[in-house]
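To start, the structure itself, in structure tokens.
The values are calculated or read from the model by the stated rules, or taken from the named source; none is laboratory data. Bear in mind that the values here come from a model prediction, so they are computed numbers and not experimental data. Neighbour counts are summed over all protein chains in view; Cβ atoms, including those assigned to glycine, are modelled from backbone coordinates with ideal geometry.
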Amino acid sequence: MTPPPREPEERIEHPDLVVVPDGPLLVRGAASIQDAEGRVHEVVRPVVALCRCDKSSRLPWCDGTHKVIPR
Amino acid sequence: MMCPKPRGVLSEWVFDLLRELPERDAWRPGAAPTADGQEDAAIALWALHELSYGGFEDVDDRAEWEPAVLAVRRDLEDELESRLRERWAAYPSRTTPSPEEVPAALEALVAEDDGPSLADLVRRTADRDQVLELLRQRSVYHLKESDPATWVVPRLPVRAKAALMELQYDEYGDGDPNRLHSHMFARGLTAVGLRPEYGAYVDDALLETLEMNNAVSLLGLHRRLRGAAMGHLAAFEMTSSLPSRKMVQGLERLELGGAMAAYYDEHVEADAIHEQLALRDICGTLAEDEPDQSEDILFGAFTALDQECRFATRMLEVWDVAS
């Protein structure tokens with residue numbers, strides 16, 4: 001059965017930068033990102049995930065490697 | 001695409017019916033014969049679902065909503081769904097999380113997954129023929145990649161709907177047809193010498209391949225199963241980045257790089273993002289907004305992992321590799 005409709009919320013939180021616990025930094029709406037070596041990477045997606053564990057094979061992007069690093 | 005080859009009396013009956021519509025006076029409930037086995041039932045259901053994707057050159061487009069066709073489809077779907085739910089019910093680590101526990105429960109489910117990794121074998125030891133066989137099997141889904149999840153969009157509450165669109169926009173190439181994932185896979189097939197057209201290898205599809213496709217179509221086509229569809233999506237995305245990187249390494253080792261490697265390379269980066277969106281912004285908010293979907297989200301995720309495990313186990317048999 002269909003759930004009863006919810007009251008529309010005034011403003012739903014939708015941050016541009018999201019720190020994922022034990023994961024990457026999500027960045028919304030960026031046009032370009034400069035990495036630690038000074039190289040500038042064009043952004044073609046609405047959201048990108050920046051590596052925070054420094055173990056990614058394709059810095060500055062997250063490649064999921066953080067999941068196999070023992071915490 | 002033409003109707004696939006039948007694999008028994010039921011699929012033969014179904015394909016004959018489809019090809020004869022709309023001339024044939026079709027409405028004879030209960031007329032369908034009993035399937036000769038799982039492959040017969042699976043290819044019949046695969047074709048019935050296909051009517052809602054691209055259809056067949058030899059079948060009238062109106063067959064999709066023909067009552068006689070829907071009656072057979074419902075029986076096959078009920079049988080598939082009850083089998084999938086039985087497997088979930090029998091899973092030893094099965095949990096029934098509260099809505100706020102859903103993301104953590106999904107992460108735990110994925111972490112416990114210990115099915116064989118085909119990507120590992122592709123990276124290290126698989127030969128060229130084995131990899132091409134894997135790509136033929138994968139093509140049945142990858143050529144319509146993301147489409148089943150798109151059906152769920154209008155059925156979601158506000159936050160999950162916006163998040164699913166954010167994810168799907170990227171799956172569909174961010175507005176650039178060259179980056180549309182299913183199209184990238186088609187170009188990859190051509191580059192490795194395989195046929196790129198939609199449905200080209202359905203007649204070669206293993207039972208496990210058909211079942212994976214039937215399950216994701218079942219979840220996508222039914223509003224009732226929206227939670228399971230989103231759980232399936234989350235588990236799929238959460239198990240994609242690292243294996244995709246191994247696929248790239250294996251394809252390059254076998255000198256099958258180029259466009260096919262580019263397809264998997266795209267998934268390393270994209271799915272590292274998508275898994276976060278699917279986990280929290282889609283499944284997490286859906287569970288909060290519609291708490292009764294919580295268990296089905298887990299059921300859908302389990303189904304994705306379980307079906308990949310069964311497919312991988314079967315591929316190892318085909319490859320003659322001990323797991």
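Could you pull out the residue among B:78, B:36, B:61 that is surrounded by fewer than 13 Cβ atoms within 10 Å (Cβ to Cβ), farther than 18 Å from residue B:222 by Cβ and outside the structural domain of residue B:113 (by TED's automatic domain parsing)? Give the steps one after another, and end with the answer.
Values: B:78 fails: farther than 18 Å from residue B:222 by Cβ; B:36 fails: surrounded by fewer than 13 Cβ atoms within 10 Å (Cβ to Cβ).
Result: B:61 is the single residue among B:78, B:36, B:61 that is surrounded by fewer than 13 Cβ atoms within 10 Å (Cβ to Cβ), farther than 18 Å from residue B:222 by Cβ and outside the structural domain of residue B:113 (by TED's automatic domain parsing).
Considering only residues in region A:14-71 that are in contact with a Phe, Trp or Tyr (Cβ under 9 Å, 6 or more places away or on another chain) and under 18 Å from residue B:242 (Cα atoms), the one that is nearest to the other protein chains (Cβ to nearest Cβ) turns out to be A:49. Restricting region B:135-190 to residues that are among the polar types (S, T, N, Q) and within 13 Å of chain A (Cβ to nearest Cβ), the residue that is surrounded by the most Cβ atoms within 10 Å (Cβ to Cβ) is B:168. Does residue B:252 meet the test of being modelled with pLDDT of 95 or more, within 9 Å of chain A (Cβ to nearest Cβ) and over 18 Å from the mean Cα position of the chain (by Cα)? The answer is no for residue B:252.
Here is a yes/no grid of residues against (1) part of a helix (DSSP H, G or I); (2) out of contact with any strand residue (DSSP E or B) (no Cβ under 7 Å at 6 or more places or on another chain):
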residue	(1), (2)
B:260	yes, yes
B:263	yes, yes
B:268	yes, yes
B:272	yes, no
B:284	yes, yes
B:306	yes, yes
B:309	yes, yes
B:317	yes, yes
B:321	no, yes
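Within region B:1-17, residues that are under 14 Å from residue B:42 (Cβ atoms) sit with their Cβ atoms under 6 Å from residues that are among the aromatic types (Phe, Trp, Tyr) and assigned to a helix (DSSP H, G or I), at 6+ positions apart or across chains, in these pairs: B:6/B:15.
Given the residues A:40, A:48, A:19, which is the only one that is buried (at least 17 other Cβ atoms within 10 Å of the Cβ) and of a type in the set (Val, Ile, Thr)? Spell out the reasoning first.
Numbers: A:40 fails: buried (at least 17 other Cβ atoms within 10 Å of the Cβ); A:19 fails: buried (at least 17 other Cβ atoms within 10 Å of the Cβ).
So the residue among A:40, A:48, A:19 that is buried (at least 17 other Cβ atoms within 10 Å of the Cβ) and of a type in the set (Val, Ile, Thr) is A:48.
Of the residues that make up region B:246-256, is at least one outside any helix (DSSP H, G or I), assigned by TED's automatic domain parsing to the domain that holds residue B:135 and surrounded by 20 or more Cβ atoms within 10 Å (Cβ to Cβ)? Checked region B:246-256: at least one residue is outside any helix (DSSP H, G or I), assigned by TED's automatic domain parsing to the domain that holds residue B:135 and surrounded by 20 or more Cβ atoms within 10 Å (Cβ to Cβ).
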